[in-house]
Amino acid sequence: MEEIYHPPVLLKESLKVLKAEEGGVFVDATLGGGGHTEAILKAHPENRVIAIDRDEEAIERAMERLKPYGDRVSIYHANFSQIDRVLQMEGVERVKGVLFDLGVSHFHLRGERGFTVWKEQPLDMRMDRSQKLTAKEVVNELSERELARIIFRYGEEKFARKIASEIVKRRKRKPIETTTELASIVEEVIPKKLWAGRKKHPAVKTFQAIRIYVNREFEEIETGIPKAAEFVEPGGRLAVITFHSLEDRLVKNILRNLEGFTPVTKKPIVPTEEEVVENPAARSAKLRAAERVRP
Ligand SMILES: C[S@@+](CC[C@H](N)C(=O)[O-])C[C@H]1O[C@@H](n2cnc3c(N)ncnc32)[C@H](O)[C@@H]1O
């Protein structure tokens, strides 16, 4: 496997809000490269981590990295919406903290699954490759109306209807197979004056929308966070790192409405300038946390 490193985002801040140095059982609901898990394990010699990821390749890499920690870490290939089943298998009823570091990892962006507009790859976008639905099916098979709805809802893309209409026109001639084909359709639809000369590719919003739909990301968040909350012990915490405004709004509302929880900070915690310089991918990260104050 190619050596790729995923720098864990808001690492010190996450450890602090999780109170990882106090010792206990934690869940890392999004194991990825294992950076947060490893830091939690290092924070206290008695910490245990139950880690989940839906991507088997991520799990393989992280397992290697976490070998030295032996049975202080257990790893599950699952969706975090299945956290109740995972904890049942572990025989764990209460945990001190749960971390969600949402979205895709560097492994996804640097890999070959069509997550980025910048590389020509097949339209896939599945985090879990054992899942059936791919971005290619979404782009080539959904109705124009459904495509427009998805691009607008999950990408907040003003040109969603025009993009959907152009996709449907093109796919009648020939199926849309690659990221570059999709990206160039979006480029043609969005007036050039709105994106020419800017760093952000005009198709980023459309790609985000399709990725969220393929991976049922919002359904996962809506189910997973409240389920995880049920297992947090009094004084324990939920910590969630988001990477775009839609995700952040969703998480903010879920945390606000959790029975028995109160926010740890009024405003979300954001990366320091130093972190953003070192890791530009962290620039839009926001950490929100809530503590169980009533059983
Ligand atoms: C941003 S990365 C996590 C990086 C990790 N914290 C680290 O330090 O390396 C997000 C990971 O969560 C996984 N993931 C995203 N949504 C998931 C879900 N609903 N259930 C399980 N894993 C999920 C992805 O496959 C990805 O590996």
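Do the conditions hold for His36, that is, is it assigned by TED's automatic domain parsing to the domain that holds Val270 and over 20 Å from Ala285 (Cβ atoms)?
no
Among the residues of the range 209-226, is any aromatic (Phe, Trp, Tyr) and surrounded by fewer than 18 Cβ atoms within 10 Å (Cβ to Cβ)?
So far as the range 209-226 goes, yes, one or more of its residues are aromatic (Phe, Trp, Tyr) and surrounded by fewer than 18 Cβ atoms within 10 Å (Cβ to Cβ).
When you go through Glu222, Glu259, Glu233, Glu274 one by one, which is the residue that is assigned by TED's automatic domain parsing to the domain that holds Asp101 and closer than 25 Å to Leu133 by Cα?
Going through Glu222, Glu259, Glu233, Glu274 in turn, the sole match is Glu222.
Of all residues in the range 258-269, which are touching a Lys or Arg at 6+ places or on another chain (Cβ under 6 Å) and either buried (at least 17 other Cβ atoms within 10 Å of the Cβ) or closer than 14 Å to Glu13 by Cα (or both)?
Scanning the range 258-269 gives Phe261, Pro268.
Of all residues in the range 1-22, how many are assigned to a loop (DSSP other than H, G, I, E, B), at pLDDT 95 or above and more than 18 Å from the chain's Cα centre (by Cα)?
Adding up the residues that qualify gives 1.
How many of the residues in the range 161-176 are in contact (Cβ under 8 Å) with a residue 24 or more places away in the chain and either surrounded by 15 or more Cβ atoms within 10 Å (Cβ to Cβ) or not assigned by TED's automatic domain parsing to the domain that holds Ala209 (or both)?
Of the residues in that region, 6 qualify.
Restricting attention to the range 105-146, and to residues there that are more than 16 Å from the ligand (Cβ to nearest atom), out of contact with any helix residue (DSSP H, G or I) (no Cβ under 6 Å at 6 or more places or on another chain) and modelled with pLDDT under 95, which single residue is nearest to Val204 (Cα to Cα)?
This residue is Trp118.
Output the strands (runs of 3 or more DSSP E) that fall wholly within the range 23-88 and possess 2 or more residues being within 10 Å of the ligand (Cβ to nearest atom), at pLDDT 95 or above and buried (at least 23 other Cβ atoms within 10 Å of the Cβ), or say none.
In the range 23-88, the matching strands (runs of 3 or more DSSP E) lie at 48-53.
Tell me which of these Leu258 doesn't satisfy, since it passes every other one: (1) more than 16 Å from the ligand (Cβ to nearest atom); (2) outside any helix (DSSP H, G or I); (3) under 21 Å from His36 (Cβ atoms).
Leu258 satisfies all of (1) more than 16 Å from the ligand (Cβ to nearest atom); (2) outside any helix (DSSP H, G or I); (3) under 21 Å from His36 (Cβ atoms) except (3).
Can you name the condition, by its number, that Val277 falls short on among (1) over 13 Å from the mean Cα position of the chain (by Cα); (2) part of a strand (DSSP E or B); (3) not charged (D, E, K, R)?
Of everything listed in (1) over 13 Å from the mean Cα position of the chain (by Cα); (2) part of a strand (DSSP E or B); (3) not charged (D, E, K, R), Val277 misses just condition (2).
Being over 30 Å from Gly35 (Cβ atoms) and either charged (D, E, K, R) or touching a Gly at 6+ places or on another chain (Cβ under 6 Å) (or both) is true for just one of Arg110, Arg161. Which residue is that?
Arg161
The values are calculated or read from the model by the stated rules, or taken from the named source; none is laboratory data. Since the model is a prediction, treat every value here as computed from it, not as a measurement. All Cβ positions, even for glycine, are placed from backbone atoms using ideal geometry, and neighbour counts span all protein chains on display.
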